[in-house]
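Data block below; observations after.
The values are calculated or read from the model by the stated rules, or taken from the named source; none is laboratory data. The shown structure was predicted, so the numbers you read here are calculated from the model rather than taken from an experiment. Quick reminder, even Gly has a Cβ in these numbers, built from the backbone with ideal geometry, and neighbours come from all protein chains shown.
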Amino acid sequence: MKSNRPFQILLVVLIVITVIFAAFLFHIEKKKSKIEKPLDEIASAWLEFRMGEYTQSKKIFRKVIDNVPENSNEGLQSLYGLACTYWLEQLPYGDKDAAGAVFNEIIRKSPDSEFAAWSMLALVRMEHMVSADKTPDFPKVREGYKKIYEKFPDQIAGHEAFIYMIGTYLAVFTKEDAEFAKDRIDEFIKAHPDSPFISSAWSLYSKACETLGKKQEQLDAMLNELGKREIDPKNPWMDNSNAYWAIATVAEFEVGDFDTARKYYSLMMKEYPRERRNFAAKRAIERMDALETKLRKEN
């Protein structure tokens with residue numbers, strides 16, 4: 001037994017050295033994994049998301065989550081990105097259970113933050129967005145949107161929730177729902193005239209007026225919607241031709257406002273010279289001119 005003692009001591013020493021060395025390597029590796037610029041990593045994760053590299057996107061979001069303080073802004077951003085990736089990576093279905101768990105984690109950790117607002121909105125959107133063969137539970141999603149707007153009335157997520165809520169009322173084309181929607185939108189426009197969703201609000205207002213047969217108010221709302229549109233010069237798909245045509249036809253046929261009709265038919269022809277409806281617009285102007293000439297002669 002005594003002859004084995006030096007060997008046993010050596011073995012113990014080797015084990016201790018191995019453990020210390022392993023701990024040192026772990027420390028070095030852990031140190032390497034620390035993120036110097038978490039916001040850059042988050043931007044990289046979103047880039048991977050936009051490119052359809054969802055596995056890589058989730059990997060980067062998790063890396064940030066593991067290396068920043070738990071309730072930090074960067075941590076909440078990464079949790080939100082991770083949840084969105086779960087939800088949207090396989091539309092129209094996605095992994096709603098995994099996404100919902102992370103969205104609810106954000107709400108639990110920071111219930112009054114903007115990320116909680118967006119997470120609440122996402123949870124309701126998942127209920128609202130269903131496949132074509134199904135119908136959303138409108139009362140349920142309306143209540144969900146309403147709660148978000150009431151809790152976050154001055155945040156963008158709250159405004160978006162309001163717009164979605166009103167859209168559910170106008171989806172069924174009843175006068176009762178249209179009247180309710182019109183009144184609520186009127187309140188929203190007065191309370192939030194500078195909202196990023198003010199153009200959308202006017203668009204919904206015009207639809208409510210159309211359902212109610214209020215043609216002049218419909219035309220006024222369409223003009224306001226166009227005037228409040230945000231112009232993005234970098235977007236090659238920005239196209240007002242449909243709006244010009246819609247305004248002109250409502251003005252001509254529904255309201256009898258030939259001046260407004262001429263203005264928007266002419267704008268379409270000027271700004272979109274290859275628009276296929278330009279011939280019809282030119283004929284419309286000729287038709288209105290002829291009708292007004294006839295009426296002046298008769299009077």
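Among the residues of the range 185-204, at least one is among the acidic types (Asp, Glu) and assigned to a helix (DSSP H, G or I). Would you pick out the residues in the range 216-268 that are among the acidic types (Asp, Glu), surrounded by 14 or more Cβ atoms within 10 Å (Cβ to Cβ) and more than 23 Å from the chain's Cα centre (by Cα)? The answer is Glu217, Asp220, Glu252, Glu254, Asp257. Taken over the range 103-125, the criterion of being more than 19 Å from Tyr145 (Cα to Cα) and in contact with a Cys (Cβ under 9 Å, 6 or more places away or on another chain) is satisfied by no residue. If the condition is being within 20 Å of Gln218 (Cα to Cα), outside any helix (DSSP H, G or I) and either within 21 Å of the chain's Cα centre (by Cα) or among the polar types (S, T, N, Q) (or both), then the range 140-184 contributes Ala171, Thr174. Evaluating Asp154 against the criteria (1) in contact with a helix residue (DSSP H, G or I) (Cβ under 8 Å, 6 or more places away or on another chain); (2) in the same structural domain as Phe197 (by TED's automatic domain parsing) leaves one unmet condition, (1). Of the candidates Phe173, Phe188, Phe162, the single residue that is crowded, with 19+ Cβ neighbours inside 10 Å, touching a Ser or Thr at 6+ places or on another chain (Cβ under 8 Å) and among the aromatic types (Phe, Trp, Tyr) is Phe188.
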